[in-house]
Amino acid sequence: MLNINNIYVQYGDRIVLDRVSFAIGEKDRIGLVGVNGAGKSTLMKILARQSQPQEGNIAYPSETTIGFLHQDMNIPKGKTVIEETMTAFDEVKTIETRLAYLENHLSERTDYESDEYMRLIEEFSELNDRFQQIGGQTNLADTEKVLMGLGFKTADFQRLTDTFSGGWQMRIELAKMLLKNPHYLLLDEPTNHLDIESIIWLEYFLQNYEGCVVVISHDKTFLDNVTRRTIEIELGRVYDYKANYSRYLELRADRQEQLQNAYDNQQRDIAQKERLIERFRAKANKAKMAQSLIKELNRMERVEMEDTNDATMRLRFPPAPRSGEVVAESKGLSKSYDKNLILDNIEFQIVRGDRVAFVGKNGEGKSTLTKILVDKLQYDGDLNLGHNVFVGYYAQNQADVLQPNITVLQTIEQVAPLETTAKLRTVLGSFLFTRDDVDKKVSVLSGGERARLALACMLMRPINLLVLDEPTNHLDMRSKEVLKQALLEYDGTLLVVSHDRDFLTDLTTTTIEFANKKLKTYLGDINYFLEKRDFGSLREVSLGKNTTIAHLQANPNEQPKNTAQPIQNNNKLAINNGQPLNPERVKELKKIVQNSEKKINRLEQELKTCEQKLGDNSLFNKPEYKTLEQRHRELKSQLDEAVQEWESAEMELDKANG
């Protein structure tokens, strides 16, 4: 167990950690949460022994091992992926050498009853246990399994690490951390550069991890699936909840409501006593009562409201100028990097008002196509933007390409029209840059602050085609919610690349999957896409019908089957047995599918809630238990009917589409 005792950290006049104390158990699954700049990464570095607090200490058990994945990794050059990843087993080599020595030494000794002999036996046993724990006998197979789980292909193993982007290099470092199997695994934003499939693989890996996991993440679903405890950092204090992220939000709201009620009640009581004291103080026959009330007030343990940081950026996109009906259209578009073909003869069309999500594994061309759309890359084939299209582009590394040596105010002045100059401080204030913050150099801003500044810069001109590539990577939960709400209210055409399921849910109406150098379109949001690809399962993403997560765990070297097929004639009505399908029927079927999906989601949630209540042993043999059972049967029946309705409509559409 790690014991954190009175940790104090202060930067300038800002107290980041105000003598915080808590303990971390050997099997804990902890989500470390808080707004950008709250001190999460600071605390993580202290836990990892990479930074020292100004006061306080951490008590570590003897021989504790810690693995720390942070955002500023520097992968050595000149090694292949497999060579660099297997440096995780340096401890294995050291232990292997020591075990060989001990085995040889013990075989030569005959003092079987001596203390020294018993000490050597004990050391051999402990080292052998550790050798097995960190995969001493299966290190190559384990390395390949983890690399493939994180999205690498077998052909990538012999490529030099230098040839991979920063996101893929982070995956190599993550693989090393997982393979080292430390007692305490500390992960700072591990999902930022992972696709959906790799995130889900990582969730399963961490759920079965033998040691402790502490993770910072802005992916709500990931936190819910991995953690069982949430530690919040707010204004220098820590608040500890024995719950995952969603439950923590509920408990936090309940605690603050209870505290507010207690505070309000006490303030009313205090005000009443003070009025009585004022009335009685001047009367001789009431003076004793007044003194009694004064003593009572002095003895009262006052309820203090906790300081909270409720500041959120205010974001509203300006009205989108009207564009032509067709916003963007391509024919025969291809893109290669040297001999590596990324997009092969693709066709697509984006219509005014479309809300499109690009999804798929990293390296399949999502960011490439967005750069082509905003004229950042050359390509082969035809791509045309429609009439009166004004593009706003937020790149995946947008926050990192800001000039570090100029101030926040100077940064936004570079992109703002002259007529808005007088309003720039107000604009920056709505993005939480207040007073002296506008004079800070970009180089000293946190990742979240740079992301907010990049968003502010993007909004300085009218936009009717908004292209966002991983916009939530450095935003905290509150900022993500604000951005999502602003996008829901945005009246232009939206195209977003993201691996954040919670952010994408209900945000878009069309999902385009990138796979095998082609595109495939799904007429629904991210949950529809996941269910469609996994035959109803949100957990087994992009695996074939007969390939499940459990199957992959049993067969770790088997690659997931990719069933995505390229779309042909994407902009035309398909034919059914040589006859065009009635357009009205197509519209009707799509409406049935959408309504059925909403109904299925609602019924599944009700069914889950009902099953949780049925699992409460205290209700067994009580009248309400039978009522719950009856409701459970009704919900299952309704769900079956909704699924049948959905399947029938989907089958008719599929047949029509050939």
task = Answer with yes or no whether I15 is over 22 Å from H218 (Cβ atoms), modelled with pLDDT of 90 or more and in contact with a strand residue (DSSP E or B) (Cβ under 9 Å, 6 or more places away or on another chain).
result = no
query = Right, T110: β-branched (V, I, T), part of a loop (DSSP other than H, G, I, E, B), open to solvent by 60 Å² or more (accessible area, probe 1.4 Å) and out of contact with any Lys or Arg (no Cβ under 8 Å at 6 or more places or on another chain) or not?
reply = yes
query = Any idea which residue in region 1-45 is least open to solvent (accessible area, probe 1.4 Å), counting only those that are assigned to a strand (DSSP E or B) and among the hydroxyl-bearing types (S, T, Y)?
reply = Y8
request  = Only residues that are of a type in the set (S, T, N, Q), touching a strand residue (DSSP E or B) at 6+ places or on another chain (Cβ under 9 Å) and not in a loop (DSSP other than H, G, I, E, B): list them for region 473-519, please.
outcome  = T493, T510, T511
inquiry  = Considering only residues that are touching a helix residue (DSSP H, G or I) at 6+ places or on another chain (Cβ under 8 Å), open to solvent by less than 40 Å² (accessible area, probe 1.4 Å) and either over 14 Å from K79 (Cβ atoms) or not in a helix (DSSP H, G or I) (or both), which ones fall in region 140-169?
reply    = V146, M148, G149, L150, G151, F152, F157, F164
task = Sort out which residues of region 578-620 are modelled with pLDDT under 75, farther than 23 Å from E652 by Cβ and touching a helix residue (DSSP H, G or I) at 6+ places or on another chain (Cβ under 6 Å), and write them in order of number.
result = L614, L619
ask   = Residues D491, D436, D502: which one is under 19 Å from T191 (Cβ atoms) and not hydrophobic (A, V, I, L, M, F, W, C)?
value = D502
task = State which residue is surrounded by the fewest Cβ atoms within 10 Å (Cβ to Cβ) when the search covers only region 49-88 and only residues that are farther than 27 Å from Q10 by Cβ and basic (K, R).
result = K77
ask   = Hey, does region 533-556 have a residue that's over 27 Å from S334 (Cα atoms), among the basic types (K, R), open to solvent by 30 Å² or more (accessible area, probe 1.4 Å) and modelled with pLDDT of 50 or more?
value = no
Unique match (being hydroxyl-bearing (S, T, Y) and in contact with a Ser or Thr (Cβ under 7 Å, 6 or more places away or on another chain)) among T97, T143 = T143
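The values are calculated or read from the model by the stated rules, or taken from the named source; none is laboratory data. Here the structure is a predicted model, which is why all the values come from computation and not from measurement. Every residue, glycine among them, receives a Cβ derived from its backbone with ideal geometry; neighbour counts consider all protein chains shown. Note: accessible area is taken over every heavy atom of the protein model, side chains too, but ligands, DNA and RNA are not part of it. Shrake-Rupley method; radii C 1.70, N 1.55, O 1.52, S 1.80 Å.
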